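Scroll down for the structure; my scribbles are underneath it.
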Amino acid sequence: MIEHLQPRIIENKDWATLLFVVAFALVAITKSTYETRFSEFSKLIISDKYAKIYRDTSHLKGSFIVGLFFVQILSFSFFILLTLHIFGYASKTDWILYIQIATFLLYFILGKFLIEKIVATSFNIDEFVNLFNLQKATYRTYIGVLVLPFNAILFYYDNIPKIVPLVIIGIALCISLFSYFISIKTYQNIIIGKLFYFILYLCALEIAPYYFMYYWITKEVA
């Protein structure tokens, strides 16, 4: 009888639980520290009041954005890992892969930001790029915080339909497009004055990096 027993494989989820606790704790601390600002931030998708109030580029390096920046890295990394798991390409408890994804995202976002600053200085469009980056960082952070509780649910439940991550991706893309629309509408006077550089910037630094990243990921998975 003993010969027919199979060893039970226990997946270690402690590391994920710890990271979820850290992420939610950061959100809670930020909310309690910046109660009014966080309240306006939470309404970002239905109101542009936050974008109008906190449009000074100095906020890009403020503790509010920086604190939630780490939350979005944790959140997006979890979502990518869970999506790979749901589609059968990885295990959701693979913490080494999670670290690799988080490291890649961190360097990708920071590297892209640095390149944008260099290009902005070269094209003499520093003012616009700084404002644009603040708007993007705000909405990207918003998406990261929004996706975080869904990550927790998806991680601790099995047999998640493939349509679920696709719906979340679709909603995130809609919010991203909405943020671009708001940015263009808000800074249209600056854009019109430097239309050529804006189109060049958009193609080179907003479309091309994501296209090549998508191509690389799909090629690696295939």
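Tabulated data
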read-out	value
Which numbered condition Tyr89 misses (of (1) farther than 19 Å from Ala137 by Cα; (2) in contact (Cβ under 8 Å) with a residue 12 or more places away in the chain; (3) in a helix (DSSP H, G or I))	(3)
Residues located in the range 144-156, provided they are open to solvent by less than 10 Å² (accessible area, probe 1.4 Å) and not polar (S, T, N, Q)	Gly144, Leu148, Phe155
Some residue of the range 84-96 being under 18 Å from Val145 (Cα atoms) and surrounded by 15 or more Cβ atoms within 10 Å (Cβ to Cβ)	no
Verdict on Ile73 being touching a residue at least 40 places away in the same chain (Cβ under 8 Å), crowded, with 18+ Cβ neighbours inside 10 Å and more than 19 Å from Cys203 (Cα to Cα)	yes
Which numbered condition Phe132 fails, given (1) assigned to a helix (DSSP H, G or I); (2) closer than 17 Å to Phe87 by Cα	(2)
Odd one out for Phe104 among (1) over 19 Å from the mean Cα position of the chain (by Cα); (2) open to solvent by 80 Å² or more (accessible area, probe 1.4 Å)	(1)
Any pair with Cβ under 6 angstrom, 6 or more apart, that starts in the range 173-193 at a residue that is within 22 Å of Tyr142 (Cβ to Cβ) and ends at one that is open to solvent by 40 Å² or more (accessible area, probe 1.4 Å) and modelled with pLDDT of 75 or more	none
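The values are calculated or read from the model by the stated rules, or taken from the named source; none is laboratory data. Please read all numbers here as calculations on a predicted model, not as lab measurements. Cβ atoms come from the backbone with ideal geometry, glycine included; neighbour counts cover every protein chain shown. These accessible areas exclude ligands, DNA and RNA; they are computed on the full protein's heavy atoms, side chains included. Shrake-Rupley method; radii C 1.70, N 1.55, O 1.52, S 1.80 Å.
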